[in-house]
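FYI, it's all coordinate maths here, none of it is from the lab. Bear in mind that the values here come from a model prediction, so they are computed numbers and not experimental data. Reconstructed Cβ throughout: ideal geometry from the backbone, glycine too, with neighbour counts over all protein chains shown.
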Amino acid sequence: MNIRPMAFGDLTRVLKIERASFPSPWSTAMFVLEMSRSKSVCLVAEIDGRLAGYVICSCLDLDWHLMSIAVAPEQRREGIGARLVVALLRKLPDDSRLTLEVRPSNVAAIALYERFGFMAAGRRRGYYADTGEDALIMWRTPATMRGSLDDVPNADPSAA
């Protein structure tokens, strides 16, 4: 597997994975915007020259936001998502604080994030417009790596 920076030439294949993965997929413009930001990390995973997945993370204020991660449906459960997270973490400063939103029904994604030290710290009610489902807010910080939410802003573990 080769993990490398996302290129504009990857967008057709990235969008195919995006549309197969999410009920409300990002537009091409959204990917282009993230790729053009100086404080974004956009990576793709290739296997035998075929795009298998991607991850996008942007620095907003002082914290990093894992914006999107997806793996081609036919290649899920092969460790590609985990390898993308590892590659992403290597690109960020060691003391980086990361946050993300995930559907509570996406048990596989939550398990992946928990493996890397993310902890649930709250909810965004009705976040997903397509279903009205809440978003589980997860954080990865120095404290969550120790099993605590002490350095997570506005943490509400009861809402998780």
Please check: in the Gaussian network model of the chain (C-alpha springs, under 10 Å), which one of P93, P25, P104 has the largest mean-square fluctuation. P93
Sort R37, R123 so that the residue with the fewest other Cβ atoms within 10 Å of its own Cβ comes first and the one with the most comes last. R37, R123
Along principal axes, largest first, the alpha-carbon spread of the range 97-160 in whole Å comes out as 34, 24, 18
Using a 10 Å cut-off on Cβ atoms, rank the peptides 50-56, 105-111 from the highest mean neighbour count down. 50-56, 105-111
Scattering profile of the range 1-95 from the Debye formula, Cα beads only, expressed as log10 I(q)/I(0) at q = 0.11, 0.12, 0.14 Å⁻¹, is -0.28, -0.34, -0.46
Under 5 Å from the placed amide H of S68, counting only residues 5+ away or on other chains, we find I56
Rounded to whole angstrom, the alpha-carbon centroid of the range 131-160 lies from that of the range 1-76 at a distance of 24
Per DSSP H run of n ≥ 4, the term is -39500 (n - 2.57); total these for the chain, divide by its residue number, and report the mean residue ellipticity at 222 nm rounded to 500 deg cm²/dmol. -7500 deg cm²/dmol
Base-10 log of normalised Debye intensity for the chain (one unit scatterer per alpha-carbon) at q = 0.13 Å⁻¹: -0.60
